[in-house]
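Below is one structure, written out as structure tokens; comments come after it.
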Amino acid sequence: MSLPTVVLGSTSRYRAELLRRLVDDFQQRSPGTDESPLPDEQPSDRARRLAVAKARAAADGLEDALVIGSDQVAELEGLVLDKPGTMERAREQLSASSGREVHFHTALCLYDTRSGQAQVHVDHTRVHFRSLATDEIERYIAREQPLDCAGSFKCEGLGISLFERIDNEDPSALIGLPLIALARMLREAGLALP
């Protein structure tokens, strides 16, 4: 019996780099999912809904695949911090996060096209920011250009210098793909890891 194809339903280079820690051979497919929030949707629920939607969309037309969808929503006291897209928005997000706690809800879905079953997990990470001076924020943004990252930082890079501490169960979740949960899901789906 052949093993199913592993598919990452994301074009994110960060998620692809993480997945390579577990799986050598996989495909990437753009899910093309509308990521607009629903009215009154909680950040954790939004991350979960989008992870499932991405996995299902990327699975379209596949018959023998394990399809991974993931989504991350950053939250500062109820306010969602999306990918900033501009330097000004990155400055605003980091200034607002200074000296405060930001919650990251990272959802993961493994959709098995053979059975139609989906395994879903949501990791919750609390990032405690140091009090950041304006010049620290400016230097950080100029050096790392975190415009495509929720919360305006890359914890796998220089962004780690912005924090007092991180509280979570899986350090890879903050980068965008909870590998501990994913490894468990892949094993349950029949892949031998390690």
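The values are calculated or read from the model by the stated rules, or taken from the named source; none is laboratory data. Just so it is clear, the structure is predicted and the values come from calculations on it, not from any experiment. When we count neighbours, we look across all protein chains shown, and the Cβ atoms used for this are built from the backbone with ideal geometry, even at glycine.
The table below gives the values:
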{"item": "Residue match in segment 165-178 (condition: more than 18 Å from the chain's Cα centre (by Cα) and either surrounded by fewer than 16 Cβ atoms within 10 Å (Cβ to Cβ) or farther than 21 Å from Gln72 by Cβ (or both))", "result": "yes"}
{"item": "Selected residue [touching a strand residue (DSSP E or B) at 6+ places or on another chain (Cβ under 7 Å), under 28 Å from Glu164 (Cα atoms) and crowded, with 20+ Cβ neighbours inside 10 Å] from Val67, Val80, Val102", "result": "Val102"}
{"item": "Condition broken by Ser36, with the remaining ones in (1) outside any strand (DSSP E or B); (2) of a type in the set (Ser, Thr, Tyr); (3) modelled with pLDDT of 95 or more satisfied", "result": "(3)"}
{"item": "Qualifying positions in segment 128-161 - of a type in the set (D, E, K, R) and assigned to a loop (DSSP other than H, G, I, E, B)", "result": "Arg130, Asp148, Lys154, Glu156"}
{"item": "Test: residue in segment 45-62 that is aliphatic (A, V, I, L, M), modelled with pLDDT under 95 and either farther than 21 Å from Leu22 by Cα or under 18 Å from the mean Cα position of the chain (by Cα) (or both)", "result": "no"}
{"item": "Subset of segment 103-127 [assigned to a strand (DSSP E or B) and without any contact (Cβ under 8 Å) to a residue 24 or more places away in the chain]", "result": "Gln117"}
{"item": "Matching entry among Arg89, Arg21 (being outside any loop (DSSP other than H, G, I, E, B), surrounded by fewer than 16 Cβ atoms within 10 Å (Cβ to Cβ) and either touching a residue at least 40 places away in the same chain (Cβ under 8 Å) or small (Gly, Ala, Ser) (or both))", "result": "Arg89"}
